[in-house]
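Accompanying notes for the structure given below.
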Amino acid sequence: MLGPLDLALAPGERVALVGPSGAGKTLTARLACLPPPADLRLEGTVAVDGRTGLLAQESATALDPGSTVGRQLGLVARTRTADRGAARRAVVAVLDELGLDPAVARRHPTVLSGGQRQRVALALALLAEPDLLVADEPTSALDPVTAAEVVAALRRALDARRAALLLVTHDPGVAAVLCDRVVRLADGRAHQGTGTAAPDPRTAARTVPLAPGEPVLTWAGVTRTWRAPGGPDGRRGRGTTVGVRDVSLEVRAGEHVAVLGASGAGKSTLVRLAAARDRPEVGSVQVAPGTGRAPALQSVPQDAGGSLTPWRTVRQLLVEALRVGHPDDPDHEDVRLVELLSVVNLGHDLLDRRPGTLSGGQRQRVAIARALAAAPRVLLGDEMLSALDAPTRGAVAEALRAHADAAGTTLVVCTHDLDVAARLADRVVVLADGRVVDDGPIALLATDGAGSAALRALREASGRRTGALR
């Protein structure tokens, strides 16, 4: 199952164990802090100089549902001091450190959110004052925003204590934020020399420059209208065409938002305003700054082919974008190119072709890959999958969602396709006549009869029950 394996951590070092399922990551990590299973034949030794703490993947099973959070934390705190007053102060301090309300101590784990439970589990581990913290997939069961909150709290706690970390993760973004070194396990063996946990194209954006969940894109009271064209009698200015009117929306880091609406509802206007290709008459649009040289925002228009320079090859287009976010790392460009093309379901054999030799769907996917290559904080898409056939559209949507989750990229996708919205987003905004008429969780799509008349019309037009979307 595992080994022979040699692995050592220096005091204060942070190491990520990565690898495919079944490689032995969890077993390796747990041998550092727990007795081996009774049916395990173990050869060699596991030695830890100091105390260890464990942050398990499933916080719900690590906490006693019948006992309050404060009682459970107090029991652990009193293993470090016989003074009950000091133990209570330690509990209050660790809750404050992890951004938890003191009232959480009076609650049972079953009434807490997933992010709160995971931070309580982290508090349990920290109260043991470990020299080595073992974290087993601490974010895999969490949504992106909550995962970012837990990662930020864990990082602050480690910085304050100078504790070592052994992290098991399948998320390269988490490894890049938390760890100094990556060890890859395959077939039970460690493959050293993988270097530091520097981000790849999927993770370069996630360096937590913003507080988790902080707004990254905001439309505040935005209105954009145009004078209507003249009629056949030659008179002009007979009316106003509304793009958007008094729209206020806030998109937070890690969210994936689908903006739905019929043609003319205002979706493309929102995208143009956010991408600074147009200006509002009233209100403002704010975009949080990007990371390092990476751009804050990249957009993919509906007519993606028109955005690609026709005399440049796909390779040249993608490399140019890669060097925006990774100017000092040309050695890994070929690997990144293949990874980017795989996200959009394209083969590397297209790298030396020009846009004019590609199909419309291929050009659209190249435009998506180019936007991702720059590692933006926010990716805007205006019907960016509309040129693809249904199976390809579904595959690209799911791969794009996975890529965004790994990279910490926020998605804002304008579409009229409920299936695309269900695959990509965790929040849905519906526009009608330039106004927001619905704003809620993606489950709104699958609730027959719910929402505005505009959303109900979209359901009917989809030609199928939305309960089958997910």
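The values are calculated or read from the model by the stated rules, or taken from the named source; none is laboratory data. Keep in mind the model is a prediction, meaning the values are calculated, not measured. We place every Cβ from the backbone using ideal geometry, glycine too, and count neighbours over all the protein chains shown.
Screening the candidates Ala375, Ala321 for the property of being crowded, with 20+ Cβ neighbours inside 10 Å, part of a loop (DSSP other than H, G, I, E, B) and either touching a Gly at 6+ places or on another chain (Cβ under 7 Å) or of a type in the set (A, V, I, L, M) (or both) yields one hit, Ala375.
The residue pairs whose first member lies in the range 430-445 and is touching a residue at least 24 places away in the same chain (Cβ under 8 Å) and within 22 Å of Asp246 (Cα to Cα), whose second member is assigned to a helix (DSSP H, G or I) and among the charged types (D, E, K, R), and whose beta carbons are closer than 9 Å, counting only pairs six or more residues apart or on different chains, are Leu431/Lys267.
Here's the yes/no breakdown for (1) modelled with pLDDT under 85; (2) under 24 Å from the mean Cα position of the chain (by Cα); (3) surrounded by 17 or more Cβ atoms within 10 Å (Cβ to Cβ):
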site	(1), (2), (3)
Ala157	yes, yes, yes
Leu166	no, yes, yes
Gly173	yes, yes, yes
Ala186	yes, no, no
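Within the range 48-74, the set of residues being in a helix (DSSP H, G or I) and exposed (fewer than 15 other Cβ atoms within 10 Å of the Cβ) comprises Thr61, Arg71.
For the range 57-73, the condition of being modelled with pLDDT of 75 or more, under 24 Å from Val177 (Cβ atoms), assigned by TED's automatic domain parsing to the domain that holds Val150 and touching a helix residue (DSSP H, G or I) at 6+ places or on another chain (Cβ under 7 Å) holds for at least one residue.
Taking the range 378-389 as the range and being surrounded by 24 or more Cβ atoms within 10 Å (Cβ to Cβ) and part of a loop (DSSP other than H, G, I, E, B) as the test, the residues that pass are Met384, Leu385.
Val282 - would you say it is at pLDDT below 85, surrounded by fewer than 14 Cβ atoms within 10 Å (Cβ to Cβ) and either assigned by TED's automatic domain parsing to the domain that holds Val430 or of a type in the set (A, V, I, L, M, F, W, C) (or both)? Can you show your working first?
Details: at pLDDT below 85: no; surrounded by fewer than 14 Cβ atoms within 10 Å (Cβ to Cβ): yes; either assigned by TED's automatic domain parsing to the domain that holds Val430 or of a type in the set (A, V, I, L, M, F, W, C) (or both): yes.
In short, no.
Residue-wise test of (1) surrounded by 21 or more Cβ atoms within 10 Å (Cβ to Cβ); (2) under 17 Å from Leu372 (Cβ atoms); (3) among the polar types (S, T, N, Q); (4) at pLDDT 80 or above.
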residue: Pro391; (1), (2), (3), (4): no, no, no, no
residue: Glu398; (1), (2), (3), (4): no, yes, no, yes
residue: Arg401; (1), (2), (3), (4): no, yes, no, yes
residue: Asp405; (1), (2), (3), (4): no, yes, no, yes
residue: Thr410; (1), (2), (3), (4): yes, yes, yes, yes
residue: Cys414; (1), (2), (3), (4): yes, no, no, yes
residue: Leu424; (1), (2), (3), (4): yes, yes, no, yes
